[in-house]
1. Any residue at all in the range 44-62 that's out of contact with any strand residue (DSSP E or B) (no Cβ under 6 Å at 6 or more places or on another chain), exposed (fewer than 10 other Cβ atoms within 10 Å of the Cβ) and either modelled with pLDDT under 95 or part of a helix (DSSP H, G or I) (or both)?
2. Would you point out which residue out of 88, 83 is at pLDDT 95 or above, assigned to a helix (DSSP H, G or I), within 25 Å of the chain's Cα centre (by Cα) and surrounded by 14 or more Cβ atoms within 10 Å (Cβ to Cβ)?
3. Among the listed residues 68, 8, 26, which satisfies the condition of being at pLDDT below 75, on the phi > 0 side of the Ramachandran plot and surrounded by fewer than 10 Cβ atoms within 10 Å (Cβ to Cβ)?
4. Name every residue in the range 71-80 that is loosely packed, with under 14 Cβ neighbours inside 10 Å and free of Cβ contacts under 8 Å to residues at least 24 places away in the same chain, in order of residue number.
């Protein structure tokens, strides 16, 4: 064990042979197959539509082109649409 101490090896010394065997710190996690990681085509389309509708809703509110005039309700709807678009973006692989 003393002869391996200065060589920068890490691991466990086997008592019968005196050799250093590497230690593992966790379990093996196999890679995810590519067929599982592919999102349906509608996910990025829905994300883009939601974000675009939210931006349009906020812009139309500031330009006072929506029925009922400028309202905080339209701003909240626009922000909710943008938030839904970002949440959808987290599901895109």
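1. Narrowing the range 44-62 to residues out of contact with any strand residue (DSSP E or B) (no Cβ under 6 Å at 6 or more places or on another chain): 44-62.
Narrowing the set further to residues that are exposed (fewer than 10 other Cβ atoms within 10 Å of the Cβ) leaves none.
Looking through the range 44-62, none of the residues is out of contact with any strand residue (DSSP E or B) (no Cβ under 6 Å at 6 or more places or on another chain), exposed (fewer than 10 other Cβ atoms within 10 Å of the Cβ) and either modelled with pLDDT under 95 or part of a helix (DSSP H, G or I) (or both).
2. Answer to the check: 88.
3. On the way: 68 fails: at pLDDT below 75; 26 fails: on the phi > 0 side of the Ramachandran plot.
Unique residue meeting the criteria: 8.
4. 71, 72, 73, 76
The values are calculated or read from the model by the stated rules, or taken from the named source; none is laboratory data. Treat the numbers as computed from the prediction; the structure is a model and nothing was measured. Backbone-built Cβ (ideal geometry, glycine too); neighbour counts: all protein chains shown.
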